Amino acid sequence: MYWYDYPSGWNKENVKDEMTKLLIGSNSTVRNSIEFLIGNESNRINGFINIRYLLPDIDGICEKEVSQTYSGSDPNTYQTIEEALWQSCTQGYVITLTSQTHDEFVNIFKPQSEPVLIKGGALQQGKLVQTIFSYPFYQLCNVQLDQGDLTIDNIRLGSGYVIEDSQFINISNTPYYGDGAVTILLYGIDQRMFINRCTFQNITNNGIQLGQGILSFASEDESAQFTVTNNKFINCTGNQTGSVYAELLSDRFNFTNNQFSGNSLIQSDQRGCDTYLLFNVTPPGWTYTNIQSQIASLLKWSISTNIDSIRYQTPLIQGYISLPKEYCISKSEMTSDCICDPYSTTYPLSICEKDKKCAFDLANQTQATCPCLETGDPRSDSTCKKTDPIDEEKDGTIKEGQEQDDEKSKKKSTSSNMIWIIFVVIGVLLIVAVISIIMFIVIRSKNKKNSVENEKKKTIAEFKEKDIAMKEVNKIDQTKSPEKSRCAYFNFIHK
């Protein structure tokens with residue numbers, strides 16, 4: 001259904017309600033069977049309308065109602081879903097919750113040939129409203145599906161859906177029981193979906209009208225968050241995509257570290273065989289030039305065996321993305337196309353990323369990150385000394401001659417060193433001898449000077465003694481005659 005412009009009174013907020021009024025009384029056996037597009041490029045909105053879900057009229061299907069306040073005797077009405085599922089039904093179960101709230105933990109283990117539909121059927125002022133499905137505080141979830149084909153419709157499960165550590169294997173899906181093996185439609189504000197560590201293998205969804213993959217999800221509010229991480233999608237087939245179909249109103253979407261292998265489309269063109277991401281509005285910050293990189297960032301660490309396996313469509317642009325084909329296993333087996341596994345225990349992410357930079361982006365790495373190569377390093381001389389490959393060949397041809405020259409140089413160097421050592425020793429000895437002679441002369445001269453000083457002092461002392469003696473003689477002579485005294489004096493001098 002297409003309108004070039006909004007009808008009077010219609011806007012982006014009420015368009016689904018107005019569309020639903022036009023379809024009152026209509027129903028369909030498939031979800032989202034009415035597609036609409038309203039407005040031009042600058043003010044456009046498109047999406048799907050979900051008419052009330054009805055299973056085909058098949059004998060053997062048990063239609064039961066559940067109300068926790070029921071106290072009557074109707075054989076088709078029970079207080080719990082578990083009680084309804086205890087009944088034997090060869091073709092499946094249609095269980096309608098007639099109250100606006102329901103509190104129960106349900107464990108489902110049924111063969112795929114007995115599909116289970118649990119739907120909200122509460123009425124408010126004659127209008128169908130959602131049933132809020134909560135669970136006891138001591139449980140971790142509302143519904144635990146161990147085995148079987150389960151569809152939940154018009155029900156709000158708390159704040160979201162969690163599917164973890166589950167396997168969906170060997171399933172052939174039809175449009176009567178949902179768009180995919182797992183189909184989740186989020187209604188209300190701040191709803192969340194979390195699918196982690198699950199395996200989807202050998203599943204076919206060949207519905208003529210939809211066939212939207214084996215995992216389909218969408219929301220009616222841009223606050224919804226979708227997390228699909230660490231899952232494996234193997235050998236799955238569908239019409240619009242082989243594995244995952246998503247209708248998104250924002251970029252609040254985490255699709256990291258998923259593995260796609262051998263998925264296909266039921267047509268000749270296999271592009272988009274893994275995933276079809278339909279953005280009904282362009283998220284803030286996304287532009288014509290960066291949309292592909294924005295979407296690729298949401299798919300970080302995911303790998304696929306096919307090229308152009310991710311199909312995306314936005315109001316601005318549509319196209320395809322190719323994921324890396326494999327994880328990096330080791331340094332010796334590193335390729336430019338492989339990606340590092342963030343959860344590998346044998347080849348840690350930090351080591352893998354470093355090895356990949358050194359192998360394929362060496363020119364932009366520091367020596368601390370990637371040690372310099374002996375030859376052919378692309379980095380500058382200031383970082384690593386380069387060796388020209390031509391010089392390497394030349395070096396190889398003269399290597400032997402250089403080794404011989406080096407040997408001769410070593411011998412000459414050894415002889416020269418010995419001569420220099422001898423000269424140095426002789427020089428040291430001469431210096432020691434000269435210093436010894438000088439010291440001997442200085443010491444001898446000092447001793448001789450001291451000897452002369454001592455002789456001089458001795459002579460002076462003798463003269464002093466003689467002078468004292470003469471004074472004594474003169475005193476004696478004064479008592480005698482002058483002549484005799486002079487004779488004595490001269491005689492003394494003569495002596």
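The values are calculated or read from the model by the stated rules, or taken from the named source; none is laboratory data. Predicted model only: the values in this text are computed from it and were never measured. Note that each Cβ is placed from the backbone with ideal geometry, even for glycine, and that neighbours are counted across all protein chains shown. Heavy atoms of the whole protein, side chains included, go into the accessibility calculation; ligands, DNA and RNA do not. Shrake-Rupley method; radii C 1.70, N 1.55, O 1.52, S 1.80 Å.
Tell me which strands (runs of 3 or more DSSP E) are completely within the stretch 101-156 and hold 3 or more residues being of a type in the set (Ser, Thr, Tyr), out of contact with any helix residue (DSSP H, G or I) (no Cβ under 7 Å at 6 or more places or on another chain) and not assigned by the TED database to the domain that holds residue 184, or say none if there are none.
none
I'd like the residue in the stretch 32-87 that is open to solvent by 80 Å² or more (accessible area, probe 1.4 Å) and modelled with pLDDT of 85 or more and, out of all such residues, is nearest to residue 129 (Cα to Cα).
Step by step, filter the stretch 32-87, then rank; the result is 65.
What's the number of the only condition in (1) of a type in the set (A, V, I, L, M); (2) surrounded by 12 or more Cβ atoms within 10 Å (Cβ to Cβ); (3) modelled with pLDDT under 80 that residue 24 fails to meet?
(2)
Being surrounded by 15 or more Cβ atoms within 10 Å (Cβ to Cβ), in contact with a Cys (Cβ under 8 Å, 6 or more places away or on another chain) and at pLDDT 85 or above is the requirement here; does residue 202 meet it?
yes
Can you report the number of residues in the stretch 230-252 which are in contact with a strand residue (DSSP E or B) (Cβ under 6 Å, 6 or more places away or on another chain) and open to solvent by less than 10 Å² (accessible area, probe 1.4 Å)?
Total meeting the criteria: 10.
Listed residues 422, 476, 426, 460; which is at pLDDT 70 or above and open to solvent by 90 Å² or more (accessible area, probe 1.4 Å)?
From the options 422, 476, 426, 460, the qualifying one is 422.
So, in the stretch 254-264, exactly how many residues are open to solvent by less than 10 Å² (accessible area, probe 1.4 Å) and either outside the structural domain of residue 214 (by the TED database) or not in a loop (DSSP other than H, G, I, E, B) (or both)?
1
Looking at the stretch 270-281, which of its residues are open to solvent by 60 Å² or more (accessible area, probe 1.4 Å) and either charged (D, E, K, R) or touching a His at 6+ places or on another chain (Cβ under 6 Å) (or both)?
Once the filter is applied, which keeps residues that are open to solvent by 60 Å² or more (accessible area, probe 1.4 Å) and either charged (D, E, K, R) or touching a His at 6+ places or on another chain (Cβ under 6 Å) (or both), the stretch 270-281 yields only 271.
Can we say residue 315 is open to solvent by 50 Å² or more (accessible area, probe 1.4 Å) and assigned to a loop (DSSP other than H, G, I, E, B)?
no
Can you give me the number of residues within the stretch 138-173 that are more than 36 Å from the chain's Cα centre (by Cα), at pLDDT below 80 and either within 14 Å of residue 195 (Cβ to Cβ) or buried (at least 17 other Cβ atoms within 10 Å of the Cβ) (or both)?
Of the residues in that region, 1 qualify.
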